[in-house]
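Right, one structure below, let's go through it.
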Amino acid sequence: MKQNERIKTLSDQELKRSLLLSQLVFLLIGLILSFILFDSLFDWFDYFKVQPIQILYYGVIPGLIIVMVDIFLIEIFPKRYLDDGGINKKIFKNRSISDIFILTVVIAICEEALFRGVIQTTIGFIPASILFAFVHIRYLKKPVLFISILLMSFYIGYLFEVTGNLYVTMTVHFIVNFLLGLMIRYGK
């Protein structure tokens, strides 16, 4: 059974549980790799910097730019080019705002901790960005979606290269997922 067919058979609660479990797996992989790849686990924590101006400038503003680009793509491409098999719609359509908020915070934290905090810092910007895009497997058969997620991944990876701050990348990731999740929720 294909991923999108399987997801359609899940209830909203089962889908939420499955999504949170997958994110927990990313976080655990990140922690395990941290023990293996860093001299000290505390080295990994150096990438968490509370710098509000940096988070605003490199996190919030780029997040809003990515959302505007996505809205532009939605406007210029036929729906079939951007359809991920209904998975994002299934994830976000019937969720409360608080559910969307919690899910997108968890996703941003877990994915950025692994892909930027561990993979990018140890094997590099390009492999981490490509791997991040390929993890979004449902986009592989949709060239517009895949190119979009690949470019977004490179952009977020670049922002991490510039700042060395995981709160920046988590903020970008959260804003993109949260706002697009709200758009799906409200049918925009």
- prompt: Only one of PHE92, PHE101 is modelled with pLDDT under 95 and within 23 Å of SER18 (Cα to Cα); which?
  reply: PHE92
message: For the range 165-176, check the following and say yes or no: at least one residue is modelled with pLDDT of 95 or more, over 11 Å from the mean Cα position of the chain (by Cα) and β-branched (Val, Ile, Thr).
response: yes
query: Do you know which of the residues in the range 1-54 that are in contact with a Ser or Thr (Cβ under 6 Å, 6 or more places away or on another chain) and modelled with pLDDT under 85 is surrounded by the most Cβ atoms within 10 Å (Cβ to Cβ)?
result: TRP44
message: Yes or no: the range 83-96 includes at least one residue that is within 14 Å of HIS173 (Cβ to Cβ) and within 18 Å of the chain's Cα centre (by Cα).
response: no
query: So, in the range 79-113, of the ones that are touching a His at 6+ places or on another chain (Cβ under 7 Å) and of a type in the set (D, E, K, R), which residue ends up farthest from TYR158 (Cα to Cα)?
result: GLU111
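The values are calculated or read from the model by the stated rules, or taken from the named source; none is laboratory data. Here the structure is a predicted model, which means the values were calculated and not measured. Every residue, glycine among them, receives a Cβ derived from its backbone with ideal geometry; neighbour counts consider all protein chains shown.
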